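S.K.: My structure is below; once you've seen it, I'll send some questions.
The values are calculated or read from the model by the stated rules, or taken from the named source; none is laboratory data. Bear in mind the structure is a predicted one, so any value in this text is a computation, not a measurement. For the accessible areas, the whole protein counts, side chains as well, though only heavy atoms, and no ligand, DNA or RNA atoms are used. Shrake-Rupley method; radii C 1.70, N 1.55, O 1.52, S 1.80 Å.
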Amino acid sequence: MASKDRILRQKEETRNNILGAAYDIVKEEGWNGLSMRKIADRIEYTAPIIYEYFSNKDAILRELTGKGFVKLGKELENAKSKFERPEDQIEAMWMAYWDFAFTDTEMYQVMFGVQMNCCTEQCDAAKMPYKLFTGVIAEIMKNNNPTEEVIKQKYFTFFSVIHGLIAINIINKSDIMETINNQILKDAIGGITKSIQ
């Protein structure tokens, strides 16, 4: 039994090493620089061993995307937990979302397809941030008895504005924009929040 556990641990460790190497390459060279050969070279394995764990580069991208959504979900939960009022929670959550996009830009790019093709398959982990946001939006709107469809529309109002601002900043890095982004973001969050109360 102990040897089976050891083998499983070694397989999980190799899998994590592959994902870690892939992400390190992306941080250094961008998503276009990622290849199965480079991953194999980085961890000093042969390419066929990498293919035992992941059928192709897209499989690695899907796995990394899932991990990104899990990480984002935890950061949103943490931001939400710091406040009681849903209006404060929603602002803290979108600010945490913004921070995630710029502290882990490469991950955000693969999760949302900014300047690259993202995975076409939706991963289950992507539902977590959506559920967190829509739960708080429903709480803000509870006096209006909103339908699920209305809550979804309000989420996409927030997402469209904030994701759009993030994408603009990722594509066109500018010191001038950095100085005003925080205020633009807070104004957008505050304005949308007021419109749904």
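S.K.: GNM, the chain, Cα, under 10 Å: largest mean-square fluctuation among 33, 135, 66?
M.R.: Looking only at 33, 135, 66, the largest GNM fluctuation is found for 33.
S.K.: Determine ³J(HN,Hα), in whole Hz, for all residues of region 155-164 in sequence, where each value follows from phi through the Karplus function 6.51 cos²θ - 1.76 cosθ + 1.60 and θ = phi - 60°; x replaces Gly and Pro.
M.R.: After applying 6.51 cos²θ - 1.76 cosθ + 1.60, I find 4, 5, 5, 4, 4, 4, 5, 6, 5, x Hz.
S.K.: Rounded to the nearest 500, what is the 222 nm mean residue ellipticity of the chain from helices alone, with -39500 (n - 2.57) per DSSP H run of 4+ residues and division by all residues?
M.R.: My calculation for the chain gives -26000 deg cm²/dmol from helical runs alone.
S.K.: Let me ask something additional. How much of residue 67 can a 1.4 Å solvent probe reach, expressed as accessible area in Å² and rounded to 10?
M.R.: About 90 Å², ignoring ligands and nucleic acids.
S.K.: Given a 1.4 Å probe and the protein chains all in place, what does the accessible area of residue 195 round to, in Å² to the nearest 10?
M.R.: Here the residue's solvent-accessible area equals roughly 80 Å².
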